[in-house]
Amino acid sequence: MPEIQIRHAIRDAMREEMERDDRVFLVGEEVGYYNGAYKCSEGLLDLFGERRVIDAPIAETGFAGVGIGAAMCGLRPIVEFMTFNFSAVAFDQILNNAAKIHHMTNGQFSVPIVFRGPNAAAHMLGSTHSQAFEPFYAHVPGLIVIAVATAYDAKGLLKSAIRDPNPVVFLESELMYSVKGEVPEEEYLIPIGVADTKRAGDDVTVITWGQGVPVALKAAELAAAEGIECDVIDLRTLRPLDTEAVLESVRRTNRAVVLFHGWPYGGVGGEIIARIQEMAFDHLDAPVLRVCYEDVPMPYAENLEHLVLPTPERGLEAIREVAYRR
Amino acid sequence: MTTPTDPTSADPGNFDAYFQSREDTLRWYREMLRIRRFEELAARSYTRGKISGFLHLYIGQEAIAVATKEVLQPADRVVSAYRTHGFALALGSDPRACMAELYGKATGLVAGVGGSMHFFDRAHQLWGGYAIVGNHSPVAAGHAFASKYLKDGGVTLCFLGDGALAIGPTHEGWTLAGLWKLPIVYVVENNRYSMGTPLSRSVPVDDITLKAPGYGMISDRFRVTSVAETAERLGAIVKRAREESKPALVELITYRFRGHSMSDPGKYRGKEEVEEWRRWDPLERTYRALHEHHGLSEDELEALDAEVVDEMEAAVEFAEESPVPEPEARFRNITIES
Ligand SMILES: Cc1ncc(C[n+]2csc(CCOP(=O)(O)OP(=O)(O)O)c2C)c(N)n1
Ligand SMILES: [Mg+2]
């Protein structure tokens, strides 16, 4: 199988879906002539022209709203946010229009749209450009939220997202765009809402997604060197959540750590822990721990940023703690 | 020189060319009256505690919705804010379903999940129903984008209040409409107030169409005094938007005779002001044109009114007798099974 970068997996998914379906178009800042701020749309303008690869000015509310309005008419927009930090200024469009229109119109309209772009901290971008948005979007009934960590998952899930009849928030990672992974040449789709075990083990369950996945895998590797085998579950979809995959593993390991990029307060990590204690309380041998950002705005200075971020070492500490190996 | 179209005109009693056709005048009168009587009965039900939430009435602005229906072609779309009952009725929505929606009943326009502020009726070209001020402006641009993308020949008419001029999404929608040359007409229903705030305290200029050139829009601006003139001038702009794929801005100077919503007694404006605007009430003028110019007797007009009231009372009765949504209804239409 050929190995490709995640950015190319994303590009290939968009290209294949645009070839398959004339209703699919891409809109966002710098997606056309510039080939994408992170080159995720490289070559698409040449292939599909200005009708379907549309450079928008800096107006996130505007082009997110245009996408929503076009989706209501039967088109299949892909809206790229240069980073999800800028989706904050379009939040109302996503919250009140994309997520609600199907419901509020009693099903007269649907909004088949994908909002995609990099999410969470990259490297030394400061607090406005380092935020993880999954708690904001996963909070909202009516949205699908996906976070990908491999080229294989990125391509298969993005294709599914584009075909999905619902509004989908599709979270990528700037730090991981150039990470390579195997992607089959033949077409495939990955179903939305299904987690994937990225490493198998019976001692501790590590639940993670998106940019947390490589950190969790590294932590699991460190733990294995100490004789603790981790089940690393990549959720891939955060809404709807594959609760069963989490519970199945926790019932086996009786211990769990949730490792992710994002703040601890009121997030997806807390939701997962709530579900574990509700549905697998009797199976737990230790409190479930979170490894994530510290509860502070992201500082710029390299040493401070490093202290705030989840690292394999912090992951290892938590794994040891739930395994009572300290 | 003053004419009825001039915002400063002083002669509301001049039955100009816009009332020449007896047949049209009568039809439009009836359509406007249907809206007014519907709104009055909705207000009565609200006062009786049968309707809750926010209820914004269209009384005074009816001619705009009726004129809109006149200029619409099958591929066109109407998008509005939350003062939408008039559009639904003018476009052909069933008044019973409209009233039932206000009552939160299963038979409502959107099965009781939306209420007054969220009217959608796709079959009648009503694409909302938006209650967050200004956030439909880019969505409407998206409909126009789709029309251009799919070459369906449709024009989107997006109505907004004067209160939506300050907020960002309005600007972004207009910017993209202008930049991408979308077939859309933004119509500001300038009823002089956003809640209790007069235009002078929310918009830096009095003439809203001064903004149009900055968005690459053609524009028109006039006081709404008859269905005919509104339809004629709006129609001309819609035609250009359609034929030249050009966005446009129309400022319609109008007035709401009731408070902002049912909870607003409207104390921020004087009686004289309201009385002055009443002289220009298109419904009132149309009545007078029918009576004084076309010779319809008071009895004839009374009979027509009674018919309309019957229709709307039937809508109230239907709403009252309709079932509330079943409990499971709250789980419907949140996401679609893929
Ligand atoms: C973003 C937002 N802010 C505030 C409100 C509350 N609100 C509802 S209507 C309104 C006044 C709007 O006036 P205008 O746009 O002139 O429309 P009109 O009521 O005159 O039809 C306000 C402040 C809202 N719905 N949305
Ligand atoms: Mg107003």
Of everything in the range A:215-260, what is under 19 Å from A:Gly156 (Cα atoms) and either surrounded by 23 or more Cβ atoms within 10 Å (Cβ to Cβ) or not aliphatic (A, V, I, L, M) (or both)? Give them in sequence order. A:Ile233, A:Asp234, A:Leu235, A:Arg236, A:Thr237, A:Leu238, A:Arg239, A:Pro240, A:Asp242
With respect to B:Tyr130, is the statement that it is of a type in the set (Phe, Trp, Tyr), within 11 Å of ligand 1 (Cβ to nearest atom) and more than 13 Å from every other protein chain (Cβ to nearest Cβ) true? no
Yes or no: the range B:133-142 includes at least one residue that is more than 7 Å from chain A (Cβ to nearest Cβ), open to solvent by 20 Å² or more (accessible area, probe 1.4 Å) and in a helix (DSSP H, G or I). no
Of (1) open to solvent by less than 10 Å² (accessible area, probe 1.4 Å); (2) assigned to a strand (DSSP E or B), A:Arg290 satisfies every one except (1)
How about the range B:154-232: which strands (runs of 3 or more DSSP E) wholly inside it have at least 3 residues that are away from ligand 1 (no atom under 16 Å from the Cβ)? B:218-223
Evaluate the following for B:Phe87: is it in contact (Cβ under 8 Å) with a residue 12 or more places away in the chain and open to solvent by less than 10 Å² (accessible area, probe 1.4 Å)? yes
What are the residues in the range B:233-263 that are open to solvent by 30 Å² or more (accessible area, probe 1.4 Å) and either within 21 Å of B:Ala65 (Cβ to Cβ) or within 12 Å of ligand 1 (Cβ to nearest atom) (or both), if any? B:Arg233, B:Ala236, B:Lys239, B:Arg242, B:Arg258, B:Met262, B:Ser263
Some residue of the range B:167-190 being within 16 Å of ligand 2 (Cβ to nearest atom), open to solvent by 10 Å² or more (accessible area, probe 1.4 Å) and farther than 18 Å from B:Phe257 by Cα: yes
Any residue at all in the range B:295-304 that is without any contact (Cβ under 8 Å) to a residue 12 or more places away in the chain, open to solvent by less than 60 Å² (accessible area, probe 1.4 Å) and in a helix (DSSP H, G or I)? yes
Here the residues within the range B:37-70 that are within 16 Å of ligand 1 (Cβ to nearest atom), assigned to a helix (DSSP H, G or I) and buried (at least 20 other Cβ atoms within 10 Å of the Cβ) are B:Glu39, B:Ala42, B:Glu62, B:Ala63, B:Ile64, B:Ala65, B:Thr68
With the requirement that a residue be within 23 Å of A:Ser130 (Cβ to Cβ) and either loosely packed, with under 15 Cβ neighbours inside 10 Å or in contact with a Ser or Thr (Cβ under 9 Å, 6 or more places away or on another chain) (or both), what does the range A:271-287 give you? A:Ile272
Residue by residue through the range A:22-34, note down the ones that are open to solvent by less than 20 Å² (accessible area, probe 1.4 Å), in a loop (DSSP other than H, G, I, E, B) and in contact (Cβ under 8 Å) with a residue 40 or more places away in the chain. A:Glu29, A:Val31
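The values are calculated or read from the model by the stated rules, or taken from the named source; none is laboratory data. Everything numeric in this text was worked out from a predicted model, so none of it was measured. Here Cβ is always computed from backbone atoms with ideal geometry, including for glycine, and neighbour counts include all displayed protein chains. Only protein heavy atoms, including side chains, enter the accessible area calculation; ligands, DNA and RNA are left aside. Shrake-Rupley method; radii C 1.70, N 1.55, O 1.52, S 1.80 Å.
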